[in-house]
């Protein structure tokens, strides 16, 4: 289940909307959502702010800016307007194919 694919700290009533918003963001290089690819590391909601930690499959990813913009827009559309969204690109721990969901691994033939 997607809720187990990344760490979440915050009001549990926001979790379904967060998961749905993040699952609507597709990595165009692999045609899978970023949750299934394992790009979302964690979400923290506190003090009127949402911090989202994501990574890319490689530092050379040509669609990084597109994915970050899509994450911000999807969350802005799905969550209360007073909640400030901050997306942070992180490289630690490095992404590995083991972060992918079983469905994504099957889709990729792994």
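The number of residues in region 26-40 being touching a strand residue (DSSP E or B) at 6+ places or on another chain (Cβ under 6 Å) and either under 15 Å from residue 102 (Cβ atoms) or buried (at least 22 other Cβ atoms within 10 Å of the Cβ) (or both) comes to 5.
In this structure, is residue 81 touching a helix residue (DSSP H, G or I) at 6+ places or on another chain (Cβ under 9 Å), exposed (fewer than 14 other Cβ atoms within 10 Å of the Cβ) and either modelled with pLDDT of 95 or more or on the phi < 0 side of the Ramachandran plot (or both)? So residue 81 fails the test. Of 62, 80, all but one fail to be in a loop (DSSP other than H, G, I, E, B) and closer than 21 Å to residue 9 by Cβ; the exception is 80. When you look at residue 82, is it without any contact (Cβ under 8 Å) to a residue 60 or more places away in the chain and under 17 Å from residue 4 (Cβ atoms), yes or no? So residue 82 fails the test. Summed over region 84-110, the residues that are in a loop (DSSP other than H, G, I, E, B), surrounded by fewer than 16 Cβ atoms within 10 Å (Cβ to Cβ) and modelled with pLDDT of 90 or more give a count of 6.
Scanning region 12-38 for residues that are assigned to a loop (DSSP other than H, G, I, E, B) and under 10 Å from the mean Cα position of the chain (by Cα) turns up 24, 25, 38. Going by the conditions given, is residue 43 in a helix (DSSP H, G or I) and under 21 Å from residue 4 (Cβ atoms)? Judged against the criteria, residue 43 is not a match.
If I go through region 1-25 residue by residue, how many of them are under 19 Å from residue 105 (Cβ atoms), surrounded by fewer than 18 Cβ atoms within 10 Å (Cβ to Cβ) and at pLDDT 95 or above? Residues meeting the conditions: 1.
The values are calculated or read from the model by the stated rules, or taken from the named source; none is laboratory data. Being a predicted model, the structure only gives us computed values, none of them experimental. Methodologically, a virtual Cβ is constructed for each residue, glycine included, from the backbone with ideal geometry; neighbour enumeration extends over all protein chains shown.
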